[in-house]
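Shown next, in structure tokens, is the structure this report addresses.
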Amino acid sequence: MPVTIKDVQVIATQPGRSHLIIVKVITSEPGLYGLGCATFTQRWHAVVAAIEKHLKPFVLGRDVSRIEEMFRMAMVHSYWRNGPVLNNAISGIDQALWDIKGKMAGMPVYDLLGGKVREAAAVYVHADGTSPEEVASNVQKYMDQGFRFIRVQMGGYGGKSSLMTKPEGAPDGAYYDPREYCRNMLKMIAHVRKTVGDEVELLHDIHERLMPIDAVRFAKDVEPYNLFFLEDSLAPEDIDYFRHIRQQCSTRIAMGELFNNPREWQPLIEERLIDFIRMHVSQMGGITPARDVALFANMYGAKTAWHGPGDTSPVGHAANLHLDVWAPNFGIQEWYRASELEYEMFPGLPEVRDGYMYPNDKPGLGIDIDEELAAKYPCEDEIEMWTQTRWPDGTPARP
Ligand code: MG
């Protein structure tokens, strides 16, 4: 008798800034369940509805062992596909099925994938500040805590200036000036490199804030500071410009957190235009497609750097980590420094020591959720402000 899916529950909780969506797949085997991350924090109601109204009826009664088939069928079952809401919803089920399979086998998910290549995953953390001096001092603080890979930003995603002049009657918003961004960030990166030395690995995320040609120039300008990688220098809509960056400098390029569709990452990897794949594992549909693209990237010399800020749930971080310790081409793992509350709410949330994230050796994903505690932190509805970004004249812009 196969073990089947008996119920699918969605847990929405907000222990910090992000709305977290966790899927719990309950099986016909008493006590056996799995967890998956389906977190799309800005449109979480839509993901909950997609799971409860569409995916749950689709998967009920299915054999839990057939992860591959479930993933393939779920991706095409809606006919219209490859969008962030549905991919996240599918990821919730996909990751939960990997968790269940590991528990049934008595193995951690990294063993199901092929076993460990390394004991732990090196992580990077985020340093920010309002001036180059403050960013450098925050980088030093992280170095003192044992971190060797540090992302440097200034003023959030930057481009802010007290001199910015808006037109009369300009609406509210998160304003930035892309040209100011280029000037400020170059000064900051130069200062930090000079202050903290060459051995610490620095990363920077442009967050697709520039005109494509300015991004090309920025990638050239930062070349002397030898970044570990430059992230999201271009928007998904502008990826043809990666060819120009490649032809003009050897700055290491990371891309992918906004990608939904294999056609977005395949050509970039195949043409050797990027060095790190940054996809958000739940946004691409779960562990199954992440496993596929990791191995594909490995053929072309590209490394993994799965998206891992606070809008990846602790369950999603656990999934990232299993991929990290297994992938032959692991590059780096982003880490948001989870709060004490999150460690309490998600027993088994990966621990980071001396700049490395360690898996526990429990079967499955090795993470659980305290549902009573999660219920005490329900998701709050608010209209997000940081994504209402505008250029100085008020034109809506990419966040
Ligand atoms: Mg990013």
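Within the stretch 257-276, can you find the residues that are under 13 Å from the mean Cα position of the chain (by Cα) and either away from the ligand (no atom under 15 Å from the Cβ) or within 19 Å of T39 (Cβ to Cβ) (or both)?
E257, L258, F259, N260, listed by residue number.
So, in the stretch 80-119, exactly how many residues are closer than 19 Å to L295 by Cα and small (G, A, S)?
Count: 3.
Of all residues in the stretch 270-288, how many are open to solvent by 10 Å² or more (accessible area, probe 1.4 Å) and within 23 Å of I90 (Cα to Cα)?
Number of matching residues: 2.
Hey, does the stretch 368-377 have a residue that's open to solvent by less than 20 Å² (accessible area, probe 1.4 Å), in a helix (DSSP H, G or I) and of a type in the set (D, E)?
So far as the stretch 368-377 goes, no, none of its residues is open to solvent by less than 20 Å² (accessible area, probe 1.4 Å), in a helix (DSSP H, G or I) and of a type in the set (D, E).
Can you name every residue in the stretch 205-220 that is touching an Asp or Glu at 6+ places or on another chain (Cβ under 9 Å) and either assigned to a helix (DSSP H, G or I) or near the ligand (Cβ under 10 Å from one of its atoms) (or both)?
D205, I206, H207, E208, P212, A215
Can you tell me which residue is least open to solvent (accessible area, probe 1.4 Å) among those in the stretch 289-307 that are under 19 Å from A338 (Cβ atoms) and free of Cβ contacts under 8 Å to residues at least 60 places away in the same chain?
Here the residue is W306.
Of the residues A96, A122, only one is assigned to a strand (DSSP E or B), aliphatic (A, V, I, L, M) and open to solvent by less than 30 Å² (accessible area, probe 1.4 Å); which?
Just a single option satisfies the conditions, and that option is A122.
Working only within the stretch 89-135, note down all residues that are among the hydroxyl-bearing types (S, T, Y) and farther than 30 Å from A49 by Cβ.
Within the stretch 89-135, Y110, Y124, T130, S131 meet the criteria.
Is it the case, given these coordinates, that T312 is over 21 Å from E231 (Cα atoms) and either crowded, with 24+ Cβ neighbours inside 10 Å or more than 15 Å from the ligand (Cβ to nearest atom) (or both)?
It is false that T312 is over 21 Å from E231 (Cα atoms) and either crowded, with 24+ Cβ neighbours inside 10 Å or more than 15 Å from the ligand (Cβ to nearest atom) (or both).
Looking at (1) of a type outside the set (A, V, I, L, M); (2) crowded, with 23+ Cβ neighbours inside 10 Å; (3) over 28 Å from F40 (Cα atoms), which is the only condition W265 fails?
Checking W265 against (1) of a type outside the set (A, V, I, L, M); (2) crowded, with 23+ Cβ neighbours inside 10 Å; (3) over 28 Å from F40 (Cα atoms), the one that fails is (3).
Looking at the stretch 25-42, is at least one residue in a helix (DSSP H, G or I) and either more than 18 Å from the chain's Cα centre (by Cα) or in contact (Cβ under 8 Å) with a residue 60 or more places away in the chain (or both)?
Scanning the stretch 25-42, I find at least one residue that is in a helix (DSSP H, G or I) and either more than 18 Å from the chain's Cα centre (by Cα) or in contact (Cβ under 8 Å) with a residue 60 or more places away in the chain (or both), so the answer is yes.
Identify all residues within the stretch 327-343 that are within 16 Å of the ligand (Cβ to nearest atom) and open to solvent by less than 20 Å² (accessible area, probe 1.4 Å); write none if there are none.
If the condition is that a residue be within 16 Å of the ligand (Cβ to nearest atom) and open to solvent by less than 20 Å² (accessible area, probe 1.4 Å), then G331, I332, Q333, E334, W335 are the ones that fit.
Quickly run through the stretch 175-188 and pick out the residues that are more than 16 Å from the ligand (Cβ to nearest atom) and either of a type outside the set (K, R) or open to solvent by less than 20 Å² (accessible area, probe 1.4 Å) (or both).
Those that are more than 16 Å from the ligand (Cβ to nearest atom) and either of a type outside the set (K, R) or open to solvent by less than 20 Å² (accessible area, probe 1.4 Å) (or both): Y175, D177, P178, E180, C182, N184, L186, M188.
All but one of (1) within 15 Å of the ligand (Cβ to nearest atom); (2) more than 29 Å from Q388 (Cα to Cα) hold for T195; which doesn't?
Exception for T195: condition (1).
Could you tell me whether any residue of the stretch 223-239 is farther than 19 Å from S131 by Cα and of a type in the set (V, I, T)?
Within the stretch 223-239, one or more residues are farther than 19 Å from S131 by Cα and of a type in the set (V, I, T).
The values are calculated or read from the model by the stated rules, or taken from the named source; none is laboratory data. Everything numeric in this text was worked out from a predicted model, so none of it was measured. Heads up, the Cβs are rebuilt from the backbone with ideal geometry, glycines too, and the neighbour counts pull from every protein chain shown. Surface areas here come from the heavy atoms of the whole protein model, side chains and all, with no ligands, DNA or RNA. Shrake-Rupley method; radii C 1.70, N 1.55, O 1.52, S 1.80 Å.
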